[in-house]
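See below for the structure under consideration.
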Amino acid sequence: MVSASATSAAASPIRLGMVGGGQGAFIGAVHRMAARLDGHYMLVAGALSSDPERARASAAELGLDPERSYGSFEEMAKEEAARADGIEAVSIVTPNHMHYPAAKAFLEAGINVICDKPLTSSLDDAKALVEAVKQSGKFFVLTHNYSGYPMIRQARQMVRDGALGDILLVQAEYPQDWLAEPIEETGQKQASWRTDPARSGTGGAIGDIGTHAYQLVTFVTGLKAESVAADLDSFGPGRRLDDNAHVLMRFAEGADGRRAKGVLWASQVAPGNENGLKLRVYGTKGGLEWVQADPNYLWYTPLGEPKRLITRAGAGANEAAAVVTRIPSGHPEGYLEAFATLYTEAAGALRAIRDGGKLPQDLLLPTVEDGLDGMRFIQGCVNSSRADAAWTRLGTL
């Protein structure tokens with residue numbers, strides 16, 4: 001189980017800093033809970049807001065030493081790098097446009113980075129960040145948290161074990177309804193920055209949730225889209241970024257000459273959908289279906305046989321699922337635990353770095369290169385939609 005070493009970890013927690021995630025922020029609190037869950041981290045420093053007063057108040061609420069509450073990420077990177085007890089890793093949980101400058105500053109200061117998705121707000125910044133990671137030699141994790149679910153790990157392993165045969169079809173969808181009304185006009189914080197191209201980037205729903213769906217496709221199947229044909233819409237009155245995306249995907253040609261195909265739908269204006277992430281994968285020998293709203297179950301249908309239900313800690317669950325399972329079957333395990341799985345796996349890597357050893361060979365954590373692939377997907381979808389849904393090759397971007 002992922003929490004097996006939590007007791008020993010408490011004696012030597014990883015010193016963690018955070019950029020963003022102050023008062024009124026959603027994802028920062030999620031990252032803090034995930035980091036705490038298995039006992040591997042201690043939050044010791046932060047630049048929690050670009051507003052100095054809010055940053056100080058947020059730090060006080062979290063019990064941080066006032067001397068380690070910083071007014072900017074630049075100051076934090078410099079000061080923490082100079083301390084003997086400085087942070088070993090930083091968690092970046094800002095709006096998208098700040099991912100690149102913040103990550104670059106900490107990498108250059110010799111500090112490992114855990115960054116929320118998407119990688120950056122632009123493809124150019126994503127490419128530059130890949131180079132910054134290479135130049136620094138530091139460890140970088142992108143928190144596509146849905147890849148931490150036990151049944152997603154189960155599905156991935158089943159695909160690699162050949163249970164589905166050659167993959168032919170993939171369907172991913174991620175509908176929400178929270179932007180069905182123009183709440184960004186009311187000053188709602190999450191809506192305001194996610195619908196602002198200057199802070200979110202060129203993609204709206206396709207960048208915010210479409211990348212999650214795409215990352216699940218690539219993580220489970222091992223396939224990456226070669227080209228996309230996308231139709232992006234902004235149904236919200238006056239909205240400057242897409243809030244609905246329909247995307248066709250073509251994957252690389254297989255050894256048998258067949259080319260797997262995919263369909264992805266991401267929407268934030270679909271009434272009745274709170275967080276409807278779903279993945280279906282079909283191959284020559286069978287199919288899989290997983291629904292995030294009921295994440296402890298995976299449906300598996302061998303070709304020509306009845307549908308089978310695989311549960312997270314029950315009969316049929318494989319070692320890939322078991323190793324990231326914390327609690328017995330029949331007890332719900334979900335979003336925060338999946339997030340914590342990434343933090344705990346990152347902790348194993350960070351401890352290896354601390355001890356002067358090599359990184360584990362079996363890490364399944366999303367990398368900076370995975371983030372670059374996601375940014376190519378976003379930009380490819382935007383370019384395709386602007387060209388009346390013309391097929392767009394991602395490798396040329």
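The values are calculated or read from the model by the stated rules, or taken from the named source; none is laboratory data. Only a predicted model underlies this, so the values are computations on that prediction, with no experimental measurement involved. All Cβ positions, even for glycine, are placed from backbone atoms using ideal geometry, and neighbour counts span all protein chains on display.
Among the residues of region 245-267, write down those that are under 16 Å from Leu179 (Cα atoms) and in contact with a Phe, Trp or Tyr (Cβ under 6 Å, 6 or more places away or on another chain).
Taking region 245-267 as the starting set, the residues that turn out to be under 16 Å from Leu179 (Cα atoms) are 245, 265-267.
If the condition is that a residue be under 16 Å from Leu179 (Cα atoms) and in contact with a Phe, Trp or Tyr (Cβ under 6 Å, 6 or more places away or on another chain), then Ala266 is the only one that fits.
Of the residues Phe73, Phe140, Phe106, which single one is outside the structural domain of Thr195 (by TED's automatic domain parsing), of a type in the set (Phe, Trp, Tyr) and touching a Lys or Arg at 6+ places or on another chain (Cβ under 9 Å)? Step through it out loud before you land on a result.
On the way: Phe73 fails: touching a Lys or Arg at 6+ places or on another chain (Cβ under 9 Å); Phe140 fails: touching a Lys or Arg at 6+ places or on another chain (Cβ under 9 Å).
Step by step, each of Phe73, Phe140, Phe106 is checked, and only Phe106 is outside the structural domain of Thr195 (by TED's automatic domain parsing), of a type in the set (Phe, Trp, Tyr) and touching a Lys or Arg at 6+ places or on another chain (Cβ under 9 Å).
From the list Ala155, Ala126, pick out the single residue that is buried (at least 24 other Cβ atoms within 10 Å of the Cβ), of a type outside the set (Phe, Trp, Tyr) and outside the structural domain of Asn275 (by TED's automatic domain parsing).
Ala126
Between Gly203, Gly210, Gly238, which is of a type outside the set (A, V, I, L, M), part of a loop (DSSP other than H, G, I, E, B) and surrounded by 22 or more Cβ atoms within 10 Å (Cβ to Cβ)? Working first, answer last.
Values: Gly210 fails: part of a loop (DSSP other than H, G, I, E, B); Gly238 fails: surrounded by 22 or more Cβ atoms within 10 Å (Cβ to Cβ).
Matching residue, one of Gly203, Gly210, Gly238: Gly203.
In region 270-283, which residue that is surrounded by 21 or more Cβ atoms within 10 Å (Cβ to Cβ) and in contact with a Phe, Trp or Tyr (Cβ under 8 Å, 6 or more places away or on another chain) is farthest from Thr211 (Cα to Cα)?
Result: Leu279.
Could you please find all residues in region 221-235 being buried (at least 22 other Cβ atoms within 10 Å of the Cβ) and within 20 Å of Gly287 (Cα to Cα)?
Across region 221-235, the qualifying residues are Thr221, Ala225.
In the set Leu248, Leu216, Leu223, which member is modelled with pLDDT of 95 or more, part of a loop (DSSP other than H, G, I, E, B) and either within 17 Å of Leu169 (Cα to Cα) or in contact with a Lys or Arg (Cβ under 9 Å, 6 or more places away or on another chain) (or both)?
Leu223
Just the residues that are more than 19 Å from Tyr282 (Cα to Cα) and of a type in the set (Asp, Glu), please, taken from region 294-316.
Asp294
Pull up region 174-200, narrow it to residues that are buried (at least 20 other Cβ atoms within 10 Å of the Cβ) and among the charged types (D, E, K, R), then point me to the one that is farthest from Lys224 (Cα to Cα).
Once the filter is applied, the top-ranked residue is Glu184.
Mind checking whether some residue in region 224-233 is among the small types (Gly, Ala, Ser) and over 23 Å from Gly201 (Cβ atoms)?
No, region 224-233 contains no residue that is among the small types (Gly, Ala, Ser) and over 23 Å from Gly201 (Cβ atoms).
Being surrounded by fewer than 22 Cβ atoms within 10 Å (Cβ to Cβ) and under 21 Å from Thr195 (Cα atoms) is the filter here; which residues of region 245-269 pass it?
Answer for region 245-269, where residues must be surrounded by fewer than 22 Cβ atoms within 10 Å (Cβ to Cβ) and under 21 Å from Thr195 (Cα atoms): His246, Trp265, Val269.
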